[in-house]
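Enquirer: Before we start, here is the structure in question, set down as structure tokens.
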Amino acid sequence: MKSGPMTKRLKRRLRGVTLLELLTASAILVVGLVGIIELLIRSADTNRQGAQVLSATALANSTLADLSGLGFNALDAGTFTQTKTDSVGRTFDETVTIVDASDGGYPAYAITVQVDWKDVRGQPHTNFASTIVSQVPALDGGP
């Protein structure tokens with residue numbers, strides 16, 4: 001067998017990977033995996049928080065729809081608080097405030113729903129929804 005430049009390159013190629021190269025590649029792989037794991041954890045937290053905001057908004061809108069559906073004459077100014085639970089068991093504190101919003105024209109109530117909750121880390125969050133319910137007289141001259 002000849003021992004020229006081709007043979008030396010072939011032997012070097014067949015020799016394999018050095019320990020230093022292996023450790024360097026392993027370190028790069030570990031750093032990449034740690035980054036991916038952290039990204040997955042943050043993504044799960046963001047999804048969980050988004051679900052809580054969605055539930056709080058749905059509860060507030062449901063309460064507004066219920067109160068608006070009662071009609072103006074069934075409402076009274078005041079504040080009341082209740083605890084509600086969503087479909088997956090998360091609890092929310094809901095405060096409903098009804099105030100007289102008449103401005104000299106038609107009688108009206110402003111309804112504000114405040115929904116408070118704590119996330120899995122114990123951080124407080126608040127969501128608001130509001131509407132106005134008024135009493136508009138029937139138009140004369142209709143059919």
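Enquirer: When you go through 43, 102, 134 one by one, which is the residue that is under 20 Å from the mean Cα position of the chain (by Cα), of a type in the set (Ser, Thr, Tyr) and open to solvent by 50 Å² or more (accessible area, probe 1.4 Å)?
Expert: None of the others qualify; the one that does is 43.
Enquirer: While we're on this one: Based on what the data block shows, is residue 75 modelled with pLDDT of 95 or more, more than 22 Å from residue 127 (Cα to Cα) and open to solvent by less than 100 Å² (accessible area, probe 1.4 Å)?
Expert: So residue 75 fails the test.
Enquirer: Another question, then. Specify which of the listed residues (108, 56, 129, 60) is free of Cβ contacts under 8 Å to residues at least 40 places away in the same chain and either of a type outside the set (Asp, Glu) or surrounded by 14 or more Cβ atoms within 10 Å (Cβ to Cβ) (or both).
Expert: 108
Enquirer: If you go through segment 1-52 one residue at a time, how many are modelled with pLDDT of 75 or more and in a helix (DSSP H, G or I)?
Expert: Here the count works out to 34.
Enquirer: Residue 86 - would you say it is touching a helix residue (DSSP H, G or I) at 6+ places or on another chain (Cβ under 6 Å), surrounded by 10 or more Cβ atoms within 10 Å (Cβ to Cβ) and at pLDDT below 95?
Expert: Yes: the conditions hold for residue 86.
The values are calculated or read from the model by the stated rules, or taken from the named source; none is laboratory data. This is a predicted model, so every value here is computed, not measured. Using ideal geometry, Cβ is built from the backbone for each residue, glycine included, and neighbour counts are taken over all protein chains shown. We work out accessible area using only protein heavy atoms, side chains counted, and drop any ligands, DNA or RNA first. Shrake-Rupley method; radii C 1.70, N 1.55, O 1.52, S 1.80 Å.
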